[in-house]
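J.: Handing you a structure now.
No value in this document is a laboratory result; all are computed from the given coordinates. Just so we're clear, the structure is a prediction, and the values are computed from it rather than from any experiment. Ideal geometry is used to build each Cβ from the backbone, glycine not excepted, and the neighbour counts take in all protein chains shown.
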Amino acid sequence: MKRLRLIPLALLALGTLAQAQTLKVGDTPPAMKVAKWVKGKPVEKFEASKTYVVEFWATWCGPCIQTIPHLTELAKKHKDIPFAGISVWENRPGDTSTEYQQKVVKFVADMGAKMDYNIGYDDTSGTMAKTWMDAAGQDGIPSAFVVHEGKLAWIGHPTELDAVLDKIKAGNFDAKKEAAERETREAENKKLQAAVQPVFKSAGEGNYAAAVAEIDKILKENPKWETMLAALKLDLLRNKSEEEFYAYGKQLSEGLYKDDAMMLNQIAWGIVDDEAGLKKPDTELAIKVATRACELTKNENALILDTLAYAYFKSGKIDDAIKTQEKAIAMMDKTEGMTDEIRAELKDRLAKFKKAKGG
């Protein structure tokens, strides 16, 4: 199954120092040069009397898919605010093929009512990505921009839009304060980006021991950064030492991530995933961690239940695997980000379990 990498996509941007930012809060927003609108009403210009949300996503982006239903809820709540979801970065750099366009169209159709706002895709030159994302120094998606009174009023993650839009509606949104707080966060991020360069250099050379040592050095000097670097360290430990990987995974599951269902799920999946390449998967740890994630989500998240089911299967507990996978399939309609492809994979996995049992 296609899952999010253990390292959050936002963290991958740490591998490259942030580019120069030429588009900032308070500036006039760039033009909406969308290649084609595939759903809703085109957002072609910004009226000074209105507020707009322009959000960037991609079909391959797990966090984007998880955010889409929430954006739909926000669009319904704020019917006077046009929402524009623009697909970007569908091709690799230098690839100007158009195959991605039909992929976007199909994705939007498959999402149906879960993606119910204005949707378009970028052109083959990446015009929207360059003039908005690159210009604003945004290295990761999903990313959202709020245009208010004809100016950029806010830039950030879509999950933070609720408070921003509520403040704008209430008339107490302070764009200057928001911009100052953003600059403070960005300064901290640049400091972190500079610090992790040796980590990525060592990892790129295949020297995972040195990469982990660099992270430990950083965390000794800046313990507060563990929330940002823990997933990266865990991923590097997978390549350095399975024993250390399991030990740190257990530590995180009982400490930093004990109440974070999504990260617990990623730890568990990182153990049982067939593509992980582990020689001796600690399936009992995966079961323990995935069980905790299921408890946090009240056994209503199909993807997390699927992880637990596969952990049971790999530990030889076939009956438990079947029972849990059946629950996962029953919860698909209640789980955000479920595409037709993922639904089919969950069903195929259940068939695999039953076949192993001989049924």
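J.: Looking at the chain, which longest stretch skips every one of the GluC sites (Glu not before Pro) that is in a DSSP loop with at most 12 other Cβ atoms within 10 Å, leaving the sites themselves out? Mind dumping the intermediate values first?
T.: Numbers: sites that count: 44, 47, 205.
In short, 48-204.
J.: Could you give the length gained on full extension between residue 98 and residue 256, defined as 0.36 nm per residue of separation minus the Cα-Cα distance, in nm?
T.: Working: separation 158, 0.36 × 158 = 56.88 nm, distance 4.28 nm.
Additional length available on full extension: 52.6 nm.
J.: Let me ask something else about it. If one computes P(r) from the Cα atoms of the range 9-175, what percent of pairs lie at distances over 19 Å? If you can, show how the numbers build up before the last one.
T.: Numbers: 7329 of 13861 pairs.
The calculated P(r) of the range 9-175 puts 53 percent of pairs beyond 19 Å.
J.: Still on this model: Do any trypsin sites (Lys or Arg not before Pro) in the range 77-148 lie in a loop, going by DSSP, with at most 12 other beta-carbon atoms within 10 Å of their beta carbon, and if so which? Mind dumping the intermediate values first?
T.: Details: sites: 77, 79, 103, 106, 114, 130; in loops: 79.
Those satisfying the criteria are 79.
J.: Take the alpha carbon gyration tensor of the range 79-198, find the square roots of its eigenvalues, order them as a ≥ b ≥ c, and report rounded if a/c is under 1.5; if not, report prolate when a/b exceeds b/c, else oblate. Walk me through the numbers before you get to the answer.
T.: Details: a/c = 2.21, a/b = 1.19, b/c = 1.86.
Cα axes put the range 79-198 in the oblate bin.
J.: So, one more: For the chain, calculate the relative contact order in percent as a whole number, restricting contacts to Cα pairs under 8 Å that are 6 or more residues apart. Spell out each step's value before the answer.
T.: On the way: 513 pairs, mean separation 63.5, N = 359.
Relative contact order here is 18 percent.
J.: Can you sort 155, 267 from fewest to most other Cβ atoms within 10 Å of each residue's own Cβ?
T.: Working: 155 23, 267 27.
So the residues, fewest neighbours to most, are 155, 267.
J.: Helix-derived [θ] at 222 nm for the chain: sum -39500 (n - 2.57) over DSSP H runs of at least 4, divide by residue count, nearest 500? Don't skip to the end; give the middle numbers.
T.: Numbers: 14 runs with 184 residues, N = 359.
After summing the helix terms and dividing by the residues of the chain, the value is -16500 deg cm²/dmol.
J.: So if we plug the beta-carbon distance of residue 217 and residue 49 into 1/(1 + (r/R0)^6) with R0 = 41 Å, what FRET efficiency do we get, rounded to 0.05?
T.: Values: r = 53 Å, r/R0 = 1.30.
The formula returns an efficiency of 0.15 here.
J.: OK, next. Could you tell me the extents of the chain's C-alpha atoms along the three principal axes, largest first, rounded to whole Å?
T.: Principal axes ranked by extent give 63, 49, 43 Å for the Cα atoms.
J.: If each residue's Cβ is checked for other Cβ atoms within 10 Å, how do 148, 157, 78 rank with the fewest at the top? Could you put the intermediate results ahead of the total?
T.: On the way: 148 21, 157 15, 78 18.
Lowest count first: 157, 78, 148.
J.: For the chain, just give the cysteines left without a disulfide-compatible partner, judged by no other Cys Cβ under 4.7 Å.
T.: Here 294 come out as lacking a disulfide-compatible partner, given the Cβ-Cβ threshold of under 4.7 Å.
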